[in-house]
Number of protein chains: 2
Amino acid sequence: MQNTSDALENLIEEFSKLPQIGRKTAQRLAMYITRQPREEVLKFSSALIETKDKLRFCSVCCNITENEICRICDSPQRSSKVICIVEEPQDVFAIEKTNEFKGKYHVLHGIISPLDGIGPNDIRIRELLLRLGRDNGNAVEELILALNPTVEGETTILYLSKLIKPLEIKITRIARGIPIGSDLEFADEVTLAKALEGRVVV
Amino acid sequence: MQNTSDALENLIEEFSKLPQIGRKTAQRLAMYITRQPREEVLKFSSALIETKDKLRFCSVCCNITENEICRICDSPQRSSKVICIVEEPQDVFAIEKTNEFKGKYHVLHGIISPLDGIGPNDIRIRELLLRLGRDNGNAVEELILALNPTVEGETTILYLSKLIKPLEIKITRIARGIPIGSDLEFADEVTLAKALEGRVVV
């Protein structure tokens with residue numbers, strides 16, 4: 001295919017590198033960029049590099065932040081007694097949107113996955129232990145494991161619960177069950193079995 | 001939702017402005033950016049603004065290019081006797097990929113759509129007429145209308161064919177019919193009717 005511009009071809013390639021963006025979508029996005037006013041494109045262009053330059057990991061919870069300590073860890077409105085452990089910063093967004101959780105977080109930046117060669121030392125478990133060791137005397141009462149219900153999630157939950165048991169902190173995991181608005185008929189049998197197992201008194 | 005970084009929030013918003021990118025995808029893309037090495041993000045960032053700065057419209061066919069005249073218009077291997085008229089630069093990509101067309105193009109940058117307030121003067125029809133007036137004595141023998149088979153496409157085809165008739169240039173349109181690999185059973189009746197109408201001798 002003879003493209004009409006190296007710069008455009010280059011931009012298409014850059015868009016194609018993004019996750020779940022194929023060649024066709026990349027073309028559409030690049031064409032969209034060519035139609036935008038220069039100042040709009042400049043804003044996008046600087047947002048990219050600014051994100052990269054400003055972001056760092058919170059020294060307490062390992063979530064991404066622009067400061068030494070993130071807004072959630074720094075907030076006096078949030079309880080330090082409950083720490084919710086998640087896989088990725090996106091999961092913090094997702095839980096924050098529920099407006100239900102008023103504790104703090106710990107972001108593992110990955111999950112134990114022996115098949116992918118990711119062991120306990122490749123994710124932020126050491127930081128979690130240091131944090132618990134530091135805070136435990138005064139604060140942490142419960143660790144909520146909010147990991148994805150996958151094989152890797154289960155492995156990580158198993159590993160963490162064994163590791164943390166000696167610290168005598170209550171460890172919980174988020175419920176597995178039928179999603180709101182869906183239909184029992186269409187639930188897979190593993191989910192349904194977990195929903196039955198996790199039944200609660202009404 | 002309390003986000004942990006203004007720079008990140010800003011990047012998510014920039015990604016959300018792209019066509020067919022929702023908030024969730026924008027979040028995923030922005031998170032992907034935070035995980036990339038700085039030089040990769042810098043490449044993406046400069047590709048954006050470079051595309052915007054370098055691109056212009058070919059003075060002959062109105063396709064996007066980095067030069068006064070695009071590579072296709074400038075190529076001695078391409079015949080000037082056949083001009084394929086398309087709606088957008090993407091359509092040039094699509095036709096080039098077939099490797100079947102060895103003529104030149106004309107990009108209208110839109111389609112006549114009275115409902116959206118887009119008339120003949122809003123798209124590059126004037127440029128086409130100027131080009132035909134300039135070249136006609138020596139070259140153009142056929143205009144292929146490769147517009148989308150929509151109401152707007154039909155309107156534009158009708159308008160162009162009336163407009164160009166006095167110039168006595170052969171005007172054709174690409175075939176409408178059953179797509180390769182699909183099933184008659186699932187074709188809509190309009191497509192099937194057009195396929196019957198456009199039947200060819202084997």
**OP:** Provide a list, ordered by number, of residues in region A:91-105 showing at least 30 Å² less accessible area with every protein chain present than when their chain is taken on its own, using a 1.4 Å probe.
**Re:** A:Phe93, A:Glu96, A:Lys97
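Using +1 on the beta carbon of Lys and Arg, -1 on that of Asp and Glu, and nothing else charged, what's the dipole of region B:28-150 about the Cα centre, debye to 20?
Working: 17 positive and 18 negative charges, 58 e Å.
Charge dipole of region B:28-150: 280 debye, to the nearest 20.
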Original post:
Can you list, largest first and rounded to whole Å, the semi-axes you get for the protein assembly as shown by taking the square root of 5 times each eigenvalue of its Cα gyration tensor?
Top reply: 57, 26, 17
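Obtain the radius of gyration and the Kirkwood radius of region B:1-49 from its C-alpha atoms and give Rg over Rh. Walk me through the numbers before you get to the answer.
Working: Rg = 11.0 Å, Rh = 11.4 Å.
Taking Rh as the inverse mean 1/r over Cα pairs, Rg/Rh reads 0.97.
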**OP:** Rounding to the nearest 20 debye, state how big the charge dipole of region A:1-90 is about its Cα centre with +1 on each Lys and Arg Cβ and -1 on each Asp and Glu Cβ.
**Re:** 280 debye
**OP:** Please give the total accessible area that chains B and A bury against each other, computed with a 1.4 Å probe and expressed in Å² to the nearest 100.
**Re:** 5900 Å²
Original post:
Which chain B residue sits with its beta carbon nearest the axis carrying B onto A, and how many Å away is it, rounded to a whole number?
Top reply: B:Ser45, 2
Original post:
Hey, any idea what % of region A:11-84's accessible area is carbon plus sulfur with a 1.4 Å probe?
Top reply: 49 percent
Subject >> For B:Lys97, inter-copy label distances in nm, listed shortest first [label point 7 Å out on the Cα-Cβ vector] >> reply: 3.1
Subject >> Distance violations [Cα-Cα > 20 Å] among A:Lys17/A:Lys54; A:Lys54/A:Lys81; B:Lys24/B:Lys52; A:Lys102/A:Lys170; A:Lys54/B:Lys54 >> reply: A:Lys17/A:Lys54; A:Lys54/A:Lys81; B:Lys24/B:Lys52; A:Lys54/B:Lys54
Subject >> Accessible surface, the protein assembly as shown, averaged per residue in Å² (probe 1.4 Å) >> reply: 56 Å²
Subject >> Positive-end extreme of charge dipole, the protein assembly as shown - chosen from A:Ser113, A:Ile72, B:Leu143 (charges on Cβ) >> reply: A:Ile72
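Run lengths n ≥ 4 of DSSP H only: what is the helix-derived mean residue ellipticity at 222 nm for chain A, with -39500 (n - 2.57) per run over all residues, to the nearest 500? Write out the running numbers ahead of the final one.
Numbers: 8 runs with 89 residues, N = 202.
About -13500 deg cm²/dmol.
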Original post:
Angle between the Cα long axis of helix B:6-16 and the longest principal axis of chain B, 0 to 90 degrees, nearest 10?
Top reply: 20 degrees
**OP:** May I ask you to evaluate 6.51 cos²θ - 1.76 cosθ + 1.60, the Karplus curve with θ = phi - 60°, for each residue of region A:73-83 and list the ³J(HN,Hα) values in order in whole Hz, giving x for glycine and proline?
**Re:** 5, 7, 7, x, 6, 9, 6, 8, 7, 10, 10
Original post:
Which parts of region A:49-70, residue by residue, lose 20 Å² or more of accessible area when the rest of the protein chains are there, as against the chain isolated (1.4 Å probe)?
Top reply: A:Ile49, A:Glu50, A:Thr51, A:Lys52, A:Asp53, A:Leu55, A:Ile64, A:Glu66
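Over all directions, what mean area does the Cα convex hull of chain A project, stated in square nanometres? Let's see the in-between values first.
On the way: hull surface 69.2 nm².
Here the figure is 17.3 nm², rounded to one decimal.
The values are calculated or read from the model by the stated rules, or taken from the named source; none is laboratory data. Note that the structure is a prediction, hence the values are computed from the model and not measured. Methodologically, a virtual Cβ is constructed for each residue, glycine included, from the backbone with ideal geometry; neighbour enumeration extends over all protein chains shown. Please note that ligands, DNA and RNA were not included when accessible areas were found on the heavy atoms of the full protein model with its side chains. Shrake-Rupley method; radii C 1.70, N 1.55, O 1.52, S 1.80 Å.
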